[in-house]
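Inspection log for the structure reproduced underneath, given as structure tokens.
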Amino acid sequence: MKIILHIFEKDVRHHWPEILVCLVVLAIFAWDQPRQWEGHAPASRILSAFLSALPFILVVAWIFLLVRVVQGESLVGDRQFWTTRPYERSKLFAAKVLTAIVFVHLPLFIVQLILLKLAFFPVLASIPGLLFVHLMLFVCLAMYAFALGSVTSSIGKAMLGVLAVFLAAIGVGSLLAIFPGLDFTSDFFSGQLGLILLVTGTVVALTQYIFRKTFLSISLAGVAVLLIAALLLLSTSSKIIENNLPLPTPQHPLPARFLFDHETTFGHEPGQKYYGNSVFLEFPFLIQDLPDNAVVQIHGVKLDLDLPTGERWSSGWKGDYDDIETGRTRSWITFDVKRSIFDPIRNRNVKARVSFAVNVYRVENSSALSFQGDKLHFADGSRCTIDVSGMKVKCFSSLKEPSGFVIYTDLPNSDCQPAVPEETREPWASLPATYTSFHEDSGPDLSFSPIRQFQLTFSRRHVYEDLKAAVPVCPNTRLLVATTKFQYTTRAEIDLGDVKLANYLPTYPRKIVPPIDRRSHEPSSTLSFNLLPRPLLEMRRRLNP
């Protein structure tokens, strides 16, 4: 222990300027947080940019400090002074960890406790979550800084190491340009990719401190990069996709009937032109028999075409999101098609098949809430207030956002109308305004500030259910809040038959044929209607005579 404290004291004497810079930047960060909660913008644009960059500056300052501290007893080469001292590498490593704890984690921990107190969130109850945050920060920040410092002998070489990391990241990221479907399929290995990123810094740093084999340590980092690239490429294989997006089974059925609506198309005027290298096609589907206690998220889509030339074309899996609550009757699936494919066949019949991936959630534990004036309080302690614009709700919570939930409300109504006059917009569908969050509870968010800020923006669909618009929120608005729990993932494969692609190219302004009548709503057994508070149901009847 004496050796550890001796090395620690020496590091403090040698690196007090770096330590002071870290503490000053952290103090500015803490001072600026209440301003961000209030939403006040700095008078100077330069000051605003500086304050916005504070988290990044903190990370750079901490990494610089820890790299300098590690390089004080360099592990690269054989001519370091410390090798003539009675230092054990385990104690040397422990001294560096002590420096990280005392000058990175302890000051940040104190700042976080102060911010919790200032924001009127429970301090003692938040300590376990804060300790988890600091454990993750130590693994993801300090250990990577130790790894970088342990395989380089100077700041200049450390900068080259940072450049190598950026080049590796660009190389892996370039796979997205070569395989566009990776932005969707990479989620299949999110756990494995996260584990690799989590342990690589620790493995490299410990290997270097135990064996002092620089080439071996750097090789382990290279292996991690290759593993990430291999997993990304593997995720695009058809077997992996089929395993992660299984077809429906009796135990995990498709939660609703999705029927292609052959009768609904887009109307076009003669001479209309379209620009750009791609077009966006929208295919309408009817939704039937969705259970009352289910919410469905379409999160990936694929279009396959049999071209007149006998060739087959596939869009590949792409991320595309649509949240389907009880009461929805339509969903419009969107695809991006290159003009080089679309133009030659736009007015010819082609056989088409649509596949989409579906996450199924069960809706449970619903409760009615109301704004008290412009304030709203959730059961988990989260607090919200209506923004001055009236179009969003600013919310604050301790350590993490609330886990999956859906909120229903009857907006707009006679007391809370949008700024656009009624006669200039399409009528609303017979659906409530909603806000849906499928954020899963995975522990505290990895953030320097313990106060999580998030927004609720309620939107309501128009009568065709193809578009939705944000609606205003007014004081004393009543809500129905229900939690959602993930059940399973499945996929639907629907044969569209012979279709003319031009019929599904949206026009601007949009013209859907045949026109869809605005039907009146009668109370049903669905969650989204019957569990709404009685005043909201009465308001709905007045909105839909």
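Side notes on the structure shown:
- Scanning segment 427-463 for residues that are of a type in the set (A, V, I, L, M) and under 23 Å from ALA294 (Cβ atoms) returns ALA429, LEU431, ALA433, LEU456.
- Segment 230-248, residues that are in contact with a Ser or Thr (Cβ under 8 Å, 6 or more places away or on another chain) and not in a helix (DSSP H, G or I): SER235, THR236, LEU245, PRO246, LEU247, PRO248
- Taken together, the residues in segment 41-57 that are in a helix (DSSP H, G or I), over 20 Å from PRO450 (Cβ atoms) and touching a helix residue (DSSP H, G or I) at 6+ places or on another chain (Cβ under 6 Å) amount to 0.
- Here segment 1-40 is the region considered, the condition is being exposed (fewer than 12 other Cβ atoms within 10 Å of the Cβ) and in a loop (DSSP other than H, G, I, E, B), and the residue that is nearest to the chain's Cα centre (by Cα) is GLY39.
- Residue count for segment 435-462 satisfying the condition of being farther than 26 Å from LEU118 by Cβ and either basic (Lys, Arg) or in contact with an Asp or Glu (Cβ under 6 Å, 6 or more places away or on another chain) (or both): 4.
- Residue check, SER414 surrounded by fewer than 21 Cβ atoms within 10 Å (Cβ to Cβ), within 30 Å of ASP292 (Cα to Cα) and either touching a His at 6+ places or on another chain (Cβ under 9 Å) or at pLDDT 90 or above (or both): no
- Restricted to segment 264-367, the set of strands (runs of 3 or more DSSP E) holding at least 1 residues that are within 18 Å of TYR508 (Cα to Cα) comprises 278-288, 330-338.
- Qualifying residue in segment 83-105 (condition: farther than 18 Å from ASP11 by Cβ and among the charged types (D, E, K, R)): no
- Segment 412-502 holds strands (runs of 3 or more DSSP E) entirely within its bounds, and those carrying 1 or more residues that are free of Cβ contacts under 8 Å to residues at least 24 places away in the same chain map to 468-470.
- Flag if GLY327 is outside the structural domain of PHE438 (by TED's automatic domain parsing), modelled with pLDDT under 90 and within 30 Å of ARG461 (Cβ to Cβ): yes
- Which listed residue is part of a loop (DSSP other than H, G, I, E, B), touching a Ser or Thr at 6+ places or on another chain (Cβ under 7 Å), surrounded by 15 or more Cβ atoms within 10 Å (Cβ to Cβ) and not charged (D, E, K, R), from SER153, SER126: SER153
- The sole residue among SER382, SER366, SER403, SER315 that is in contact with a Lys or Arg (Cβ under 8 Å, 6 or more places away or on another chain) and either surrounded by 15 or more Cβ atoms within 10 Å (Cβ to Cβ) or outside the structural domain of ASN503 (by TED's automatic domain parsing) (or both) is SER315.
- Number of the condition not met by PHE138 [criteria: (1) without any contact (Cβ under 8 Å) to a residue 40 or more places away in the chain; (2) of a type in the set (A, V, I, L, M, F, W, C); (3) farther than 22 Å from ARG89 by Cα]: (3)
The values are calculated or read from the model by the stated rules, or taken from the named source; none is laboratory data. The structure presented is a predicted model; accordingly, all values stated were derived computationally and were not measured. Please note: Cβ atoms are built from the backbone with ideal geometry, for glycine as well, and neighbour counts cover all protein chains shown.
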